[in-house]
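No value in this document is a laboratory result; all are computed from the given coordinates. All values reported here derive from a predicted model rather than from experimental measurement. Every residue, glycine among them, receives a Cβ derived from its backbone with ideal geometry; neighbour counts consider all protein chains shown.
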Amino acid sequence: MGAAVMSKSARARLRAHDRRECAMVEKFVSNISAKRIIVLTRLILDALCDPDLVSKVTDSLALAAGTVSGDIETKRQCFVCCQPWTADRAPIGLMTVEIIGVRPRQALITLICNWCGTSTEDIAEGVAKGLERDLGCKRETAQFIHDPIEAD
Ligand SMILES: [Zn+2]
């Protein structure tokens, strides 16, 4: 990959999006404690085919790319291993966390790297640890409905 070239306006939009998303995550986290949640993990490619998710997924991928290129102020990272995105550590999986029974629906979207997504370790275990670490969720409150990232 050569040096990324991003126009000033594109970088400004991405940075504004980065700040909005940070604020959204903060609000989500403050709402989530002791609530029951649904956790869904799947491949990014599958999520891109979901019309409800596609714009959020592409936004998240743009922020991951902005981390690699240094175009955003924050460092976006894998939800499981907390390593920042690099050319060698690219997002492959997507996790959504939705609080059950909250209207309007509130879902958090986060990405999982190729290393974690294809490791022989149980991805659900890594996700459960991340939920406790980042969101303060006990695993008993989480319902894991899907886990298709694991390697065959
Ligand atoms: Zn990872």
Where a Cα-Cα gap under 24 Å defines reach, which lysines qualify for Lys138, not counting those fewer than 8 residues away within the same chain? Lys27, Lys35, Lys129
Taking just the alpha-carbon atoms of the chain, what radius of gyration and Dmax come out, in angstrom? 15.3, 46
Please report the net charge: other residues with Cβ closer than 12 Å to the Cβ of Glu26, K and R +1, D and E -1. +1
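Please give the net charge around Thr86, taking every other residue with its beta carbon less than 13 angstrom from that of Thr86, where Lys and Arg add +1 and Asp and Glu add -1.
Values: positive: Lys75, Arg76, Arg89; negative: Asp88.
Counting the neighbours of Thr86, the net charge comes to +2.
Dipole magnitude of the chain about its Cα centre, charges +1 at Lys/Arg Cβ and -1 at Asp/Glu Cβ only, in debye to the nearest 20? The partial results should precede the final answer.
Working: 20 positive and 20 negative charges, 165 e Å.
So the dipole magnitude of the chain works out to roughly 800 debye.
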Of Thr86, Gly101, Ser9, farthest towards positive along the dipole that unit charges on Lys, Arg, Asp, Glu beta carbons give the chain: Ser9
Cys22 versus Glu121: modelled label distance in nm, points set 7 Å from Cα along the beta carbon direction: 2.7 nm
Simple spin-label estimate for Arg11/Ser30, 7 Å along Cα→Cβ, in nm, reads 3.1 nm
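Using the Kirkwood radius over C-alpha pairs as Rh, can you work out the diffusion coefficient of segment 1-82 via Stokes-Einstein at 4 °C, viscosity 1.567 mPa s, in µm² per second? Please list the in-between numbers first.
Details: Rh = 14.5 Å.
The estimated diffusion coefficient comes to 89 µm²/s.
So how much slack lies between Asp88 and Lys138, counting 0.36 nm per residue of separation and subtracting their Cα-Cα distance, in nm?
Values: separation 50, 0.36 × 50 = 18.00 nm, distance 3.15 nm.
Additional length available on full extension: 14.8 nm.
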